[in-house]
Amino acid sequence: MDSFLIALFVSFISELGDKSQMAAITMTTQYGARLVVLGLFMVTLSLQALNTFLGLYIGRIINLGSLKIFSAVCFIGLGLWDLKAIFNSQYSKKGCFGTKPLGVIIFTFILFGLGDRSMFYTISLAATHPIIPVWLGSTFGAVISDTICVLFCKTLKLAVWKNQIRLLSAIFFIIYGLTVYFASIP
């Protein structure tokens, strides 16, 4: 249960201000919240399964102590990368629209999900935790985060402050990475 909750929380936080979340908000205005959330769930379930198995494979070829330090460095590095992106304002504002909504939504989320923060966090967690709880936790964390954002923004018609949200998640990941790192040092 701890692995599920850790993965859920980490995935939830990593989605805040992420490019896929911004795409979800944009696509909701075109296709509606229900279809976007369905596409999000389908893609996230598949991609997180792939990420989890990558983490399992990595976990089998590298010893646990080294993996924990590697995982901590990944969290810190990605948090710093987010800070760099915030201060350089390098965000993708591209949307992808077409004539077959669910196919476009799925294709967009596959493209946006490859190489994003939640992918690396899921791989890192799966390398050191049981894979099924990590897979399910990371899937539901991402979908819940994106769904809340889509519904909140749609309902209240608020502007999204991407830099502020991303700054908070970057700080969280740096603190989490430092905590894991110092706990891993003998």
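The values are calculated or read from the model by the stated rules, or taken from the named source; none is laboratory data. In this text, all values refer to a predicted model and were calculated from it rather than measured experimentally. As a convention, Cβ positions derive from the backbone with ideal geometry for all residues, glycine included, and neighbour counts pool all protein chains shown.
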Original post:
Would you call residue 102 over 16 Å from residue 144 (Cβ atoms) and at pLDDT 75 or above?
Top reply: yes
**OP:** Please work out which residue is modelled with the lowest pLDDT, limiting yourself to region 33-76 and to residues that are over 18 Å from residue 20 (Cβ atoms) and basic (Lys, Arg).
**Re:** 68
**OP:** Looking only at region 88-96, decide whether some residue is over 19 Å from residue 126 (Cβ atoms) and modelled with pLDDT of 65 or more.
**Re:** yes
Original post:
Taking the condition buried (at least 21 other Cβ atoms within 10 Å of the Cβ) and either among the polar types (S, T, N, Q) or in contact with a Leu (Cβ under 8 Å, 6 or more places away or on another chain) (or both), does residue 63 pass?
Top reply: no
Subject >> Hits in region 119-149 (condition: among the hydroxyl-bearing types (Ser, Thr, Tyr) and farther than 18 Å from residue 25 by Cα) >> reply: 121, 122, 124, 128, 138, 139
Original post:
Within the set of pairs 6+ apart or on separate chains, which have a first residue in region 144-172 that is more than 14 Å from residue 32 (Cα to Cα) and among the polar types (S, T, N, Q), a second that is crowded, with 18+ Cβ neighbours inside 10 Å and at pLDDT 75 or above, and C-beta atoms under 6 Å apart?
Top reply: 145/12; 145/15; 169/13; 169/16
